[in-house]
Amino acid sequence: MEMTTTQLESLSINKKVISLIQATGISTLFPPQVSAFETGVLDGNNLVLAVPTSAGKTLVSEICMLKSILEGRGKALYLVPLRSLAREKYSEFKKYESLGITIAMSIGDYDSPGTRLKEADIVVLTTERADSLVRHRTQWLEDIGIIVVDEVHLVNDSKRGPTLEMVIAKMMQSLPDLQIVALSATISNSDRIAEWLNAELVTSTWRPVPLREGVYFDNKISFILDGRSKSIPRRRPEIVSDVVCDILDEKGQALVFVSSRRSTVAVAKKIASSVRPYLNVDAQELLTKAAKKLSKRPSAPEATKTLARVIASGVAFHHAGLDNNERTLVEDFFKDDMLKVVIATPTLAAGVNLPARRVVIRDYRRFEQGRGSYTIPVLEYKQMAGRAGRPKYDSYGEAILIAKSELERDALTDEYVLAEPERITSKLASPSALRSHLLASIATDMTRNREEVDSLIKGTFFSCQFDPLEIQHHVSSALIFLQDGQLIESTESGAYSATPLGRRASRLYIDPYTAILLRDTLSEAKEVTSIGALHLICHTPDQQITYLTRTDFDEYDSFVEEHKNDFMIEPPIDEIEDYGRYLAEVKTARLLEEWISESSEREITEGFNVGMGDVHRYVQTAEWLVYSASEIARVVNATQHIPFFYNLRSRLKYGVQRELLDLVVLRGIGRIRGRMLYANGMKNQSDLYHASLEEIARVPTIGTSLAKSIKRQLGVDVPVTEGETTSLIEPEDDEDTYSIQTLLEDFEIEND
């Protein structure tokens, strides 16, 4: 039966909610939304809503959350897989504050009970942060009435899936009356997800902006489902340029997906000259000024300068190697139609809501170290294709695959355009994941014996898909590992309890293997050096490590030999592959050492062939693991190492040598300004306290405003002069200072 749109006013929700939603321009419901509300979800029934991007999933969840809150059934938890999505949803939900609804977001510290979230009505959390709160037995979680699980199909993801699955299972076990609304892309076995969650299922292929899927070959796009085609004459050296400029001729924008970071940069550079003529005068002026600001820093990495150059032509690349502010800048300029084309890796398709009239999938193969070349899953293609078409702006969206032969064109048609997305499967059978989550459940007294462990596992998607005997084997192996590692204990009656080490490891949110490694190593270590400690951190499964090239092998092999007395982990001697990983750990440790030695962004990114986004991730994880090492040392009575790790953590946080730590804790003082002050004889806060305002202001990069701020932070009463602002001093130029907002303010251009 064909569904029709329904007036928003027909829903049994508070009229103020309806008025607020109508004020955003929504008055009727999309067909999938109608079907969702017909399931009784507003009465508290569980729901799995599996529909395409932009088909209205979020609005359904918002209305369900608001009804739960306003009717006193409990506060709402909104779970997302990525920090970027958390920020996006938090901003979206802020509109409900006019109804007296309070919104909060938490994506950070895992060793925190999150008590400040207690008063919020809607709490937006990453899955890992939610898991951390469960591990801390945060009391306000008992007040949750509804959980919205965004992107629930990511239970299929080997990294994030197990945590998502266990968070849901634990919440269902501890809150029997909990309502779950799970949002998903269209998948083949959404019925199994619904079965797991005891939920009604609504699936649909309906989209507010019709999607045309096609394959480009021999100067022509063949649109598969409607049989139409479109000729694209070859006018430029690059096929991608022709396919992109064809949609720019129609005043649209384009997203181009390629397989690697290197390809994003290469394609952006190749098509920049073709795209630039499509910029109007205002866009050219703004982008040129933005590019100058982006690249003006003396220590700016070459990748940043390359990004700036292509941005000036209306093109940008987008990948995980960019730092957060560079990615935000690209996304905001694209949303504002200043940038015409973004070249991205597929990570963008699973994260930020960044639609375009035409999506071009140039690469459907990918290469991974240890795996080789392989074709991407259909589900990944569908996620990229789903970004085609901007609601309210485009009357259609196009997703185009690029083929180089007739045979390839036919294969792409059959294997992607006409194919169904793969069935998703639980990844909880991973030994590392299962150990970690079982330790957490025992450490929080959620499971106190094998029967309760089995009961928890029975509530997982894992239990819905695997053979019971196989499940029993996986669970038994994980419990034996935890007992052998002295993270849990069991009595003769079969009761489980976590040891002090196990309990602390769980709350620190580190892999059980990491806790065992840190315990054994620090208990035996007599002396710890910075490179030895950093390598120990990089040897844990929790620290991501950088790639070791063939040319790196000899360099780091020699480094290990020269510094063998510093390392607390002996290099492997049997397997060359294991030794290669060991050297990659050493390389990452050297990167971190360069960071705390105040090497510039350019020196680090070019010396280690990484992006600043990578550096920030390595540093943030290492800082956390160094803190964890100090906590493990405390538990196992290796307290002699705690001062060293405390100092090392501070150096990682600020990226400085030891002598600057007393300076960089001041607001507005980073590694460059701190070094300038130190070089001018102001080596600590006492020196700054006794120096005159004029002396401090004369130091390069400081100035009068920051000098006054420093004095005030040190407790000196500095009068406020007429016209002076005492707002927070901006960060240093070498820090992340640029965003579309600051750029627009700098250029005095109103952001329409």
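Against the criterion of being in contact with a helix residue (DSSP H, G or I) (Cβ under 7 Å, 6 or more places away or on another chain) and more than 23 Å from residue 434 (Cα to Cα), residue 139 does not qualify. For region 405-426, the tally of residues that are assigned to a loop (DSSP other than H, G, I, E, B), surrounded by 13 or more Cβ atoms within 10 Å (Cβ to Cβ) and not hydroxyl-bearing (Ser, Thr, Tyr) stands at 5. Looking at region 136-146, which of its residues are touching a residue at least 24 places away in the same chain (Cβ under 8 Å) and surrounded by fewer than 24 Cβ atoms within 10 Å (Cβ to Cβ)? If the condition is that a residue be touching a residue at least 24 places away in the same chain (Cβ under 8 Å) and surrounded by fewer than 24 Cβ atoms within 10 Å (Cβ to Cβ), then 136, 137, 138, 140, 141, 142, 143, 144, 145 are the ones that fit.
Given the criteria touching a helix residue (DSSP H, G or I) at 6+ places or on another chain (Cβ under 8 Å), farther than 30 Å from residue 619 by Cα and either assigned to a loop (DSSP other than H, G, I, E, B) or of a type outside the set (Phe, Trp, Tyr) (or both), does residue 290 qualify? Against the criterion (touching a helix residue (DSSP H, G or I) at 6+ places or on another chain (Cβ under 8 Å), farther than 30 Å from residue 619 by Cα and either assigned to a loop (DSSP other than H, G, I, E, B) or of a type outside the set (Phe, Trp, Tyr) (or both)), residue 290 does not qualify. Within region 327-368, if we keep just the residues that are under 17 Å from residue 312 (Cβ atoms) and aliphatic (A, V, I, L, M), the residue that is farthest from the chain's Cα centre (by Cα) turns out to be 338.
Screening residue 541 against (1) in contact with a Phe, Trp or Tyr (Cβ under 8 Å, 6 or more places away or on another chain); (2) buried (at least 16 other Cβ atoms within 10 Å of the Cβ) leaves a single unmet condition, (2).
Each row is one residue, and each column tells you yes or no for (1) surrounded by fewer than 21 Cβ atoms within 10 Å (Cβ to Cβ); (2) more than 18 Å from residue 254 (Cβ to Cβ); (3) not assigned by TED's automatic domain parsing to the domain that holds residue 600.
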{"position": "291", "(1), (2), (3)": "yes, yes, yes"}
{"position": "297", "(1), (2), (3)": "yes, yes, yes"}
{"position": "300", "(1), (2), (3)": "yes, yes, yes"}
{"position": "305", "(1), (2), (3)": "yes, yes, yes"}
{"position": "314", "(1), (2), (3)": "no, no, yes"}
{"position": "321", "(1), (2), (3)": "no, yes, yes"}
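When 495, 533 are checked against the criterion of being over 27 Å from residue 565 (Cα atoms) and of a type in the set (A, V, I, L, M, F, W, C), 495 stands alone in meeting it. Restrict the check to region 266-276 and report whether at least one residue is touching a residue at least 60 places away in the same chain (Cβ under 8 Å), in the same structural domain as residue 357 (by TED's automatic domain parsing), outside any loop (DSSP other than H, G, I, E, B) and among the hydroxyl-bearing types (Ser, Thr, Tyr). Looking for residues that are touching a residue at least 60 places away in the same chain (Cβ under 8 Å), in the same structural domain as residue 357 (by TED's automatic domain parsing), outside any loop (DSSP other than H, G, I, E, B) and among the hydroxyl-bearing types (Ser, Thr, Tyr), one finds none in region 266-276, hence no.
Residue count for region 595-606, restricted to those that are within 21 Å of residue 537 (Cα to Cα) and over 25 Å from the mean Cα position of the chain (by Cα): 3. Note on region 521-530: residues that are under 19 Å from residue 658 (Cα atoms) and surrounded by fewer than 18 Cβ atoms within 10 Å (Cβ to Cβ) amount to 2.
All conditions in (1) closer than 30 Å to residue 486 by Cα; (2) hydrophobic (A, V, I, L, M, F, W, C); (3) surrounded by fewer than 22 Cβ atoms within 10 Å (Cβ to Cβ) hold for residue 629, with the sole exception of (3).
The values are calculated or read from the model by the stated rules, or taken from the named source; none is laboratory data. Owing to the predicted nature of the structure, the values given are computational and were not obtained by experimental measurement. As a convention, Cβ positions derive from the backbone with ideal geometry for all residues, glycine included, and neighbour counts pool all protein chains shown.
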